[in-house]
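Trainee: Before I ask anything, here is the structure I am working with.
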Amino acid sequence: MGIPSDEVVQVRHADVAGEPTVVTISCPDKTGLGCDLCRVVLLFGLNILKGDMNTDGRWCYIVLWVVARPGRAMRWDLLKNRLVELCPVTAPFGFDSADLAAAGLQDVAPAASQVFLLKFFCYDRLGLLHDVTRVLCELELTIRRVKVSTTPDGRVLDLFFITDARELLHTKSRREETYDKLQSVLGDSLTSCEIDSATEEMCSCLQSSASLPPSVVEQMFNIELVEEQSRSRGSLSVAMDNSLSSVHTLIQIQCGDHKGLVYDIMRTLKDHNIQISYGRFYASRNGSCEVDLFAVQSDGKKILDQHKQRALCSRLRMELQRPLRVALVKRGPDTELLVANPVEVSGKGRPLVFYDITLALKKLHKRIFLAEIGRHVVDDREWEVYRVQLGEDHELSSSLRGKIVDGVTNMLMGWE
């Protein structure tokens, strides 16, 4: 599976170009750790080709074979640091994780990151919003919400509510670094740029969003409609077996590959309080994937309840076929693109969604007139919804509408 080491995270590059890099994590276990690690891997733009994980409930050992996506600069040292930050502290000899937790050294929820408002004026051009989003991603500035509007004189006012993974945006040097990076991308079109701490009133606005029209809710979130569309998209098998192990339930998944597949499986199991004792993932060259997971409930017992089995299998099928919802709708005289992804129970959204949306529209030569990110609760489930108004001054044909939806979907799913 990997090379044993005292290091919490190891990154071993292949000797042959094009072969996967092996990332090994060895640390104390905690609930949801696999999900959190896979989320960081997705955030850094990596595809998981193969994976093995093993845990006895106290210590876990995870090996991921990953490849970087073409065209993206990869900072392996930074990836290693971010993975290490997620791993629980190793208990000294004679102590266990309960002792560390009691001492306040482990499993303590991190303090909420400070929110900043990035505001700038510049002249509009095709692909502007994606170029800005790419810079913010490279700087590890997370977009919490964005409000983009175009003025009649062709200028763009961008308001980004952001947090800093490095927790340094309050410093002069970090802000100057951000200004310089934006200036290098926007050039002379940038007329002003400011970064300020968001006020409490501004932060409260992060929790509110304009309501979605009932027709849009029906189109994007109707479970029966989504399941019917999912069944028409190809083969997907999710099955459970309690006969092969006396203490674990075997969850077997066969499906097509997509960007963030392992993350989608792990976040679904995490939200259902299912713990993985042993897991294996393999993606073949033809795009098919096989996943075997030996799992237990949070009480350490097998999943025997038939209703729980059906509910979990149904949710896994839906999350793997439709991890994101994409629709193009009319909003008065305007055309609006909507993309929705489920929010984890922990409150985390899916990474790089806005990055992929803006990149897809840039490749389709579509201008963005307005953009907004908000959260909505539909049927007791929270969703992050991206609303992008396209700068079109004429009615889009059905074929062009389909091309936009397919282009954005393919980019989000890694099928481009």
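The values are calculated or read from the model by the stated rules, or taken from the named source; none is laboratory data. None of the values given here were measured: they were computed from a predicted structure. Virtual Cβ from ideal backbone geometry, glycine too; neighbours counted across all protein chains shown. We work out accessible area using only protein heavy atoms, side chains counted, and drop any ligands, DNA or RNA first. Shrake-Rupley method; radii C 1.70, N 1.55, O 1.52, S 1.80 Å.
Trainee: When ranked by the protection proxy of mean other Cβ atoms within 10 Å per residue, highest first, what sequence do the peptides 279-285, 263-269 form? The partial results should precede the final answer.
Mentor: Numbers: 279-285: 15.9, 263-269: 24.0.
Result, highest mean first: 263-269, 279-285.
Trainee: May I pose another question? In nanometres, what is the gap between the two model label sites at residue 348 and residue 252, each 7 Å from Cα along Cα-to-Cβ?
Mentor: 3.0
Trainee: Just add up the charged neighbours of residue 349: K/R +1, D/E -1, any other residue whose Cβ is under 12 Å from the Cβ of residue 349.
Mentor: Its environment carries a net charge of +4.
Trainee: Compute the distribution of all C-alpha to C-alpha distances in segment 293-343, in bins of 5 Å from 0, and list the percent of pairs in each, rounded to whole numbers.
Mentor: Whole-percent P(r) values from 0 Å outward: 4, 15, 16, 16, 13, 11, 7, 7, 5, 4, 2, 0.
Trainee: Taking the Cβ-Cβ separation of residue 217 and residue 89 as r and a Förster radius of 35 Å, what is the calculated FRET efficiency to the nearest 0.05?
Mentor: For R0 = 35 Å, the calculated efficiency reads 0.20.
Trainee: Which one of 151, 335, 142 has the biggest mean-square fluctuation once the chain is modelled by GNM with Cα springs under 10 Å?
Mentor: Of the options given, 151 has the highest mean-square fluctuation.
Trainee: Skip the ligands, DNA and RNA, and give the accessible area per residue of the chain with a 1.4 Å probe, whole Å². Could the numbers behind the result be given before it?
Mentor: Values: 20600 Å² over 416 residues.
Using a 1.4 Å probe on heavy atoms only, each residue of the chain averages 50 Å².
Trainee: Suppose the Debye formula is applied to equal point scatterers at every Cα of segment 302-416; what is log10 I(q)/I(0) at q = 0.10, 0.14, 0.18 Å⁻¹?
Mentor: Those come out to -0.36, -0.64, -0.95, one per q.
Trainee: Using a Förster radius of 22 Å, what is the FRET efficiency between residue 364 and residue 334 based on their Cβ-Cβ separation? Nearest 0.05, please.
Mentor: 0.80
Trainee: Right, another one. Treat each spin label as a single point 7 Å out from the Cα along the C-beta direction, and report the residue 235 to residue 405 distance in nm.
Mentor: Each label point lies 7 Å from its Cα, and together they span 2.7 nm.
Trainee: Once you have the Cα-Cα distance between residue 398 and residue 305, take 0.36 nm times their residue separation minus that, and quote the gain in nm to one decimal.
Mentor: Contour length minus Cα-Cα distance gives 28.9 nm.
Trainee: Given N residues in the chain, what is Rg(Cα) / (2.2 N^0.38 Å)?
Mentor: Normalised Cα radius of gyration, the chain: 1.02.
Trainee: Counting only protein heavy atoms, what percent of the accessible surface of segment 333-416 is carbon or sulfur at a 1.4 Å probe? Please list the in-between numbers first.
Mentor: Working: 1810 of 3590 Å².
Summing carbon and sulfur atoms, their accessible area is 51 percent of the total for segment 333-416.
Trainee: Among 62-71, 368-377, what's the highest-first ranking by average C-beta atoms within 10 angstrom per residue? Write out the running numbers ahead of the final one.
Mentor: Details: 62-71: 16.6, 368-377: 18.3.
Highest to lowest by the protection proxy: 368-377, 62-71.
Trainee: Quote to one decimal, in nm, the extra length available between residue 40 and residue 140 on full extension: 0.36 nm per residue of separation minus the C-alpha distance between them.
Mentor: The span from residue 40 to residue 140 would gain 34.8 nm if fully extended.
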